[in-house]
Every structure is written in structure tokens, then in C-alpha cells.
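Just below is one structure, and these are the notes that go with it.
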Amino acid sequence: MSVSVEFHFDFGSPNAYLSHLVIPEIEQRTGVTFEYVPVLLGGVFKATGNRSPAESMQGIRNKPEYAALETRRFVARHGLDERYQWNPDFPVNTLQIMRGAVAAQAFGDNVFEQYVRTVFEAMWRFPRKMDEPEIINETLRAADLPAGELVAAMHDPDVKRRLIELTETSVARGVFGSPSFFVGDELYFGKDRLRDVEEAISPIA
């Protein structure tokens, strides 16, 4: 019996990036491939009345420090110390690079996978200000991606519409933030729910 597993992500979420790094381990153990679904986190927040943790934790004593501790624990548990660092330009407006993710899907799985890896790393491994057009273009060219075509497609009305549709559908299914996961129609939120996702997959796989 097969099962569908979806990863709804926005490049602006460090927790989505950390999930992205751990997903291959789960895929290898379970034999189940995650489907990556790009959504615009700003649109998700607007539709649900949610706010980013950076905003919602402002002024709360001890909670931001604990969130940072949990991130350090996750990074240490999975041996990700050399693959993650905080982006000093956070928050970065991800509208263009999320449109780019939608555009990359039209180029096939290889281009999409390389685009996702490249942009995630430019956000959270070798941090760059990925809301500046020249930096986006330079980053994609350095990765031997079809930068000109991808950047042009970010302004394509069909690409813009598709990102809106994906975001609206995600919200309609219950998503309120990133990273979010679906095992079939069952929603799991947050990188710390990956253990639950794997447990849900394993009996089926």
C-alpha cells in the first residue's frame, strides 16, 4: 500500500530548511519520497491571522531562548552544525524565490531539486540576501541553473497565479505555517513532528 507524503515549505523558514536536510534520511529508511510543495508563508500568515515566531515571541521572557535551545538540539541530533547558520538579513522577502520554485517545477524534477537545494543553502548555509534580484540571479547562475529563464518566469502571470493557488489550497487543508507535512490528509506541523511523520509512514511503507 502506497502513501503520499507532502512537505509544504517556504525558503524563509529556517525550520523548513532543517527539515529539508533531515528528509533524505527518512526517505532512505522508509522508501517513501516526500513531495515538495512551495507555498508563500506571508500569504499563509495573512490568510490564517498567524505571525512568525520572531514576531510572536517578542517581549516574552525565556521563550525565544528556549526556541533557540531546541534548534541547537535538533542541529546537534542530526549532525547539521556545518550545514546551518542564521541568516543575518532575516527576515528575507521570499516572494520572488518562491515563485522561482514554482517556475522550476516546469523544468522537471532535476532542475526543481537543484533549485530547492541551491536556494535553501543560499538562505541558511551560506547566507545571502535572497530578496535582491542581482543576488538571486548570481546564485542561480553559480549553480548552473537556467537563471535567466527562471528569473523571467518569476514575473509570469501563470507562475504568480500558481503560487497563489498552492498557498490557498494549503491553507484550506489546515496549514498555518512552515514547515508543514501531510501523510495522506493528516497534517503535521514543525520540524519536531518529523519523528511522528516517519512513524506514520513506516507501518504503511
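The values are calculated or read from the model by the stated rules, or taken from the named source; none is laboratory data. As the structure is a prediction and not an experimental result, all values here were calculated from the model. In this analysis, Cβ positions are derived from the backbone assuming ideal geometry, glycine residues included, and neighbour counts consider all displayed protein chains. Note: accessible area is taken over every heavy atom of the protein model, side chains too, but ligands, DNA and RNA are not part of it. Shrake-Rupley method; radii C 1.70, N 1.55, O 1.52, S 1.80 Å.
With a cut-off of at most 12 other beta carbons within 10 Å, and DSSP calling the residue loop, which chymotrypsin sites (Phe, Trp or Tyr not before Pro) in the range 8-78 qualify? Please list them.
Passing sites in the range 8-78 do not exist.
Lys/Arg Cβ at +1, Asp/Glu Cβ at -1, dipole of the chain taken about the Cα centre: which of Pro24, Leu95, Val37 is farthest positive-ward?
Leu95
Are there any helices in the chain, counted as whole DSSP H runs, that stretch 18 Å or more along their axis by Cα and score at least -1.0 on average by Kyte-Doolittle, and if so which?
Counting only whole DSSP H runs, the qualifying helices are 14-30, 63-77, 109-124, 157-172.
Can you compute the helix-only [θ] at 222 nm over the chain? Use -39500 (n - 2.57) per DSSP H run of at least 4 residues, normalise by all residues, nearest 500 deg cm²/dmol.
It lands at -16500 deg cm²/dmol.
Can you list the lysines whose alpha carbon is less than 24 Å from that of Lys63, not counting same-chain residues fewer than 8 positions off?
Lys46, Lys191
In what sequence, largest accessible area first, do His8, His155, His78 appear using a 1.4 Å probe?
His155, His78, His8
Just how large is the dipole of the range 144-194 about the Cα centre, in debye to the nearest 20, putting +1 at every Lys and Arg Cβ and -1 at every Asp and Glu Cβ?
Rounded to the nearest 20 debye, it is 180 debye.
What is the spin-label model distance, in nm, from Ala106 to Ala172 if the labels are put 7 Å beyond Cα along the C-beta direction?
2.2 nm
Less than 12 Å Cβ to Cβ from Lys129, Lys/Arg counted +1 and Asp/Glu -1: what total charge do the surrounding residues give?
Result for the neighbourhood of Lys129: -4.
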